[in-house]
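Each reported figure results from applying straightforward, stated rules to the coordinates on display, with no laboratory input. Fair warning: this is a prediction, and the values are worked out from it, not measured in the lab. When we count neighbours, we look across all protein chains shown, and the Cβ atoms used for this are built from the backbone with ideal geometry, even at glycine.
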Amino acid sequence: MRTKNARPITPAESEHMAAVKGVPCVICDAPPPSLAHHVNQGDHFTTVAVCELCHVGKGGIHGDQSRWRLRYRIGGTVAELRAINDTLRRVYG
C-alpha cells in the first residue's frame with residue numbers, strides 16, 4: 001500500500017514492475033502472475049517476483065522466511081541480491 005506522501009511511480013518503474021509480475025516466483029517457481037516484493041521500500045527497480053504464499057505465507061518473506069532461506073541457502077542481503085538477479089534474468093534474459 002502506498003502512502004499519500006509517496007512520489008508518483010514513473011512509467012519506467014510501472015513497466016518494470018509489470019514485467020516482474022509476469023514471471024514465475026523466484027522461490028518456488030509458481031506460475032505468474034507474481035507479486036513484486038520491494039527489497040528496498042520505494043525503489044521499484046529492486047523488486048523480486050514472488051507468489052502470494054512465498055510473500056506473505058507462514059514461510060514467506062514476511063513470515064519466518066524459511067522458504068527464502070531454503071531456496072537461497074542463506075538469508076539477509078546476499079539472498080536479496082540473488083533473488084533480484086534471478087528476477088532480472090527471468091524478466092530480461
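So I have (i) 92; (ii) 83; (iii) 200, and one of them is volume of the Cα convex hull per residue in Å³ calculated from this model. Which one is it?
Label of the calculated value: (i).
Output the relative contact order of the chain, whole-number percent, from Cα pairs under 8 angstrom with separation of 6+ residues.
Averaging sequence separation for qualifying contacts and normalising by length gives 23 percent for the chain.
I'd like the orientation of helix 11-21 relative to the chain: the angle between its Cα long axis and the longest Cα principal axis, in ° from 0 to 90, rounded to 10.
30 degrees
Need the C-alpha centroid separation for the stretch 28-68 versus the stretch 70-93, integer Å.
11 Å
Amide H of Cys28 versus every other amide H placed in the peptide plane: which residues, excluding those fewer than 5 positions away on the same chain, fall under 5 Å?
Cys51
For a Förster distance of 25 Å, can you work out the FRET efficiency between the beta-carbons of Cys28 and Ala6, rounded to the nearest 0.05?
It comes to 0.25.
Against the longest alpha carbon principal axis of the chain, how many degrees, from 0 to 90 and to the nearest 10, is the axis of helix 76-92 turned?
That works out to roughly 60 degrees.
For Ser66, Ser34, what ranking results if the residue with the fewest other Cβ atoms within 10 Å of its Cβ goes first?
Ser66, Ser34
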